[in-house]
Structure formats: structure tokens, C-alpha cells
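The values are calculated or read from the model by the stated rules, or taken from the named source; none is laboratory data. For clarity, every value in this text was computed on a predicted model and none was experimentally measured. Here the Cβ is made from the backbone with ideal geometry for all residues, glycine too, and neighbour counts use every protein chain on show. When the accessible area is computed, the model is the full protein with side chains, heavy atoms only, and any ligands, DNA or RNA have been set aside. Shrake-Rupley method; radii C 1.70, N 1.55, O 1.52, S 1.80 Å.
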Amino acid sequence: MNYRFVAIEGNIGAGKTTLCHLLAARFGCALVLEQFTDNPFLPYFYEHPERYAFPVELFFMTERHKQLLEHFAQPDMFRSFTVADYFFVKTLLFAKNNLNEEEFRLFNRLFTVLNATFHKPDLLLYLHRPVDVLLQQIQNRGRDMERLITGEYLEELQNAYLEYFKSETDTPVLILELDGADFVQDTTVFEALAGLLNQSFSPGIQYLPWRKIPNAR
């Protein structure tokens with residue numbers, strides 16, 4: 001294994017957590033999974049985003065920081081690497097999209113202090129799917145608090161990720177253009193994705209349509 005810390009990222013409904021579980025089952029790696037349902041402000045945010053954006057983002061940031069800090073402070077001697085379904089910079093991307101200018105200025109100051117304590121992922125996989133596929137997958141999983149998520153909101157988040165990745169020069173960022181590929185039902189898709197963790201990549205962005213990933217059919 002070439003990596004000690006792999007982050008799986010993507011828009012809402014892209015399949016991040018599901019892929020993390022499958023990778024953990026395959027490689028026996030340690031898992032860091034975001035506990036988004038613990039955020040008491042999230043249901044209210046989807047109903048009234050202007051009113052609850054700041055508390056929802058502040059809660060996410062502090063919880064992510066605590067979770068990552070605790071995990072990497074006590075490394076698992078029996079597991080060689082960690083897979084997480086987020087990276088800490090996600091905190092800033094969502095905040096920039098959801099907060100007004102004054103709120104974001106304050107939030108960014110807090111983020112900068114907390115982010116200085118973390119090592120970046122050694123590899124970042126971004127699961128890119130069209131918005132219509134994301135909306136269908138969100139509908140299929142049937143979380144009541146997500147019923148008001150719009151295609152416009154998902155498009156804004158997607159653009160925030162892709163714009164940030166242009167500035168990432170230290171970490172290999174693989175943008176996996178999955179379209180509607182199902183790595184749960186189609187083992188060929190999963191095997192292709194799992195195989196990426198045994199390869200070496202240069203820092204910066206690389207776009208990989210899933211059918212061009214080695215071993216993908």
C-alpha cells in the first residue's frame with residue numbers, strides 16, 4: 001500500500017461512505033466516517049438555510065476537527081492505513097458556499113487555526129457524478145431531512161470542489177468521473193476503484209473516466 005491516509009470525497013449522494021466501507025472490508029484499514037446525523041442544526045438548515053448556516057457549519061467543523069485529531073493521535077498499530085469519507089478542507093468549501101461574507105470571514109479565521117494541526121491526505125479520490133444522478137441517489141436513500149436539496153445547490157457544491165482542486169498542488173487528486181456506475185452492484189467498478197490504492201500518482205489533479213481506470217471494463 002502506497003498511502004497511509006486516503007480521503008474519499010464527493011458531492012452529497014455520490015457514495016463516499018459506502019465506498020469507504022467496501023474499501024475497509026477489502027483492505028482491513030481503519031475508518032473515519034463523518035457523523036453528520038449528530039449535527040442538531042442540519043434538519044433546520046435544509047428548511048431555513050440563511051438562519052442556520054453558521055451554526056451548522058461551525059458544528060461540522062468542530063466535530064470533524066475533534067474526530068480527526070483523536071484518530072491520528074492514537075494510530076492503530078494493527079492497521080496500516082486510514083480511509084475517511086471526508087477531508088478537513090471540505091469544511092471550508094461548504095462554509096464558503098453557505099455563509100454570507102461576514103460570517104465566512106470569521107469562519108475562515110477559525111478554520112485556518114484548526115487546519116494547521118492536520119496532515120493532508122496522501123491521496124484524495126473525488127467521486128464525480130452528474131447532478132441528476134446525485135438527486136436520484138439522494139431520493140433512493142430516503143433521508144427525510146434531504147428532501148429539500150435542489151439540483152442548483154448540488155451544482156454549487158460541485159463547482160466549489162472543482163475550483164478548490166485547481167489550487168491543490170501537494171496532494172494527488174483523482175477526479176473519478178463515475179456517471180451512474182454502481183460500485184455496489186457491479187464488482188468490476190469496485191475492483192477498478194480499489195486498484196487505485198495500489199498505484200502511485202503525482203500531486204495535482206488527474207481526471208479519470210471510470211472506464212479508463214485500469215481493470216475497468
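Applying a threshold of 8 Å to beta carbon distances and a minimum spacing of six or more residues, or different chains, the list of pairs starting in region 183-200 at a residue that is at negative phi and in contact (Cβ under 8 Å) with a residue 24 or more places away in the chain and ending at one that is surrounded by fewer than 19 Cβ atoms within 10 Å (Cβ to Cβ) and among the hydroxyl-bearing types (Ser, Thr, Tyr) reads Phe183/Thr18; Val184/Thr18.
Can you name the residue in region 78-119 that is of a type in the set (Ser, Thr, Tyr) and not in a helix (DSSP H, G or I) and, of all such residues, is farthest from Ile8 (Cα to Cα)? Can you show your working first?
Of all residues in region 78-119, those of a type in the set (Ser, Thr, Tyr) come to 80, 82, 86, 91, 112, 117.
Pick out the ones that are also not in a helix (DSSP H, G or I) and you get 80, 82, 86, 117.
Numbers: Ser80: 17, Thr82: 11, Tyr86: 6, Thr117: 20 Å.
Among residues in region 78-119 that are of a type in the set (Ser, Thr, Tyr) and not in a helix (DSSP H, G or I), the one farthest from Ile8 (Cα to Cα) is Thr117.
Quick check: is even one residue across region 50-67 under 27 Å from Tyr153 (Cα atoms), modelled with pLDDT of 90 or more, outside any helix (DSSP H, G or I) and in contact with a Pro (Cβ under 9 Å, 6 or more places away or on another chain)? Within region 50-67, not a single residue is under 27 Å from Tyr153 (Cα atoms), modelled with pLDDT of 90 or more, outside any helix (DSSP H, G or I) and in contact with a Pro (Cβ under 9 Å, 6 or more places away or on another chain).
In summary, Gln74 fulfils each of the numbered conditions (1) open to solvent by 20 Å² or more (accessible area, probe 1.4 Å); (2) within 19 Å of the chain's Cα centre (by Cα) with the single exception of condition (2).
Step by step: first the residues of region 33-49, then only those that are touching a helix residue (DSSP H, G or I) at 6+ places or on another chain (Cβ under 8 Å) and assigned to a helix (DSSP H, G or I), then the one that is surrounded by the most Cβ atoms within 10 Å (Cβ to Cβ). Which residue is that? Can you show your working first?
Within region 33-49, the first condition is being touching a helix residue (DSSP H, G or I) at 6+ places or on another chain (Cβ under 8 Å), and the residues that meet it are 33-36, 38-46, 49.
Next, only the ones that are assigned to a helix (DSSP H, G or I) stay: 36, 38, 42-46, 49.
On the way: Phe36: 18, Asp38: 10, Leu42: 17, Pro43: 16, Tyr44: 15, Phe45: 21, Tyr46: 18, Pro49: 14.
Only one residue fits best here, namely Phe45.
I'd like to know if region 199-206 contains one or more residues that are of a type in the set (A, V, I, L, M) and within 21 Å of Val6 (Cα to Cα). Full working, then the answer.
Initially, region 199-206 is screened for residues of a type in the set (A, V, I, L, M), giving 205.
With within 21 Å of Val6 (Cα to Cα) added as a condition, the list becomes 205.
The answer is yes; a qualifying residue exists.
Within region 164-210, being touching a strand residue (DSSP E or B) at 6+ places or on another chain (Cβ under 9 Å) and among the charged types (D, E, K, R) holds for Lys166, Glu168, Asp170, Glu177, Asp179. For region 120-145, a residue qualifies if it is out of contact with any helix residue (DSSP H, G or I) (no Cβ under 7 Å at 6 or more places or on another chain), open to solvent by 20 Å² or more (accessible area, probe 1.4 Å) and either assigned to a helix (DSSP H, G or I) or not charged (D, E, K, R) (or both), and the qualifying residues are His128, Pro130, Asp132, Val133, Gln136, Gln137, Gln139, Asn140, Arg141, Gly142, Asp144.
Under the condition of being assigned to a loop (DSSP other than H, G, I, E, B) and of a type in the set (A, V, I, L, M), which residue from region 162-202 is surrounded by the most Cβ atoms within 10 Å (Cβ to Cβ)? Filtering first and then ranking leaves Leu178. Can Phe81 be described as surrounded by 14 or more Cβ atoms within 10 Å (Cβ to Cβ) and out of contact with any helix residue (DSSP H, G or I) (no Cβ under 6 Å at 6 or more places or on another chain)? Judged against the criteria, Phe81 is a match.
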